[in-house]
Amino acid sequence: MNFKSALASLVLSLALALPAFAAEPVDINSADAKTLAEGLNGVGMSKAEAIVEYRDEHGPFTSAEDLALVKGIGDKTVEKNLDNIVVGGSKAKSKATANRAPAKAKAEASAAE
């Protein structure tokens, strides 16, 4: 076996093994702060606690994109975690980025009333 074949085999093996290391999905409506911090990329304990606090104040999330309503959680954080987020037991569905801005503005407007 030459070097190129060995390298190709190694790369293929690693590529096939990566899904086994994927994080478990996190239900953002039932997970505690520790689970959120461990399961969501870019979310530490302070942001995880903010998610739990927001959920306690405003009720359950209806979509993964609702996480962007939490102070300190942006659209980029939500996007990079979409595959790991479940909402109420069903996999979260991604919406177009353009649909997020009106939802966020509507939530902010109703909070100001």
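The values are calculated or read from the model by the stated rules, or taken from the named source; none is laboratory data. Nothing here was measured: the structure is a model prediction, and the numbers come from that model. Positions of Cβ are backbone-derived with ideal geometry, glycine not excepted, and every protein chain shown enters the neighbour counts.
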Checklist entry - Given the residues Ala23, Ala33, Ala6, which is the only one that is at pLDDT below 95, aliphatic (A, V, I, L, M), under 19 Å from Val86 (Cβ atoms) and out of contact with any strand residue (DSSP E or B) (no Cβ under 8 Å at 6 or more places or on another chain)? => result Ala23
Checklist entry - Any idea which residue in region 39-70 is nearest to Pro25 (Cα to Cα), counting only those that are touching a helix residue (DSSP H, G or I) at 6+ places or on another chain (Cβ under 6 Å) and of a type in the set (D, E, K, R)? => result Glu65
Checklist entry - Just a yes or no: is a residue in region 45-60 assigned to a loop (DSSP other than H, G, I, E, B), surrounded by 19 or more Cβ atoms within 10 Å (Cβ to Cβ) and touching a residue at least 12 places away in the same chain (Cβ under 8 Å)? => result no
Next on the checklist: Any residue in region 73-96 that is closer than 11 Å to Ser63 by Cα and at pLDDT 95 or above sitting within a Cβ distance under 6 Å of a residue that is in a strand (DSSP E or B) and not small (Gly, Ala, Ser)? List the pairs, counting only those 6 or more apart or interchain.
Outcome noted: Val86/Asp27
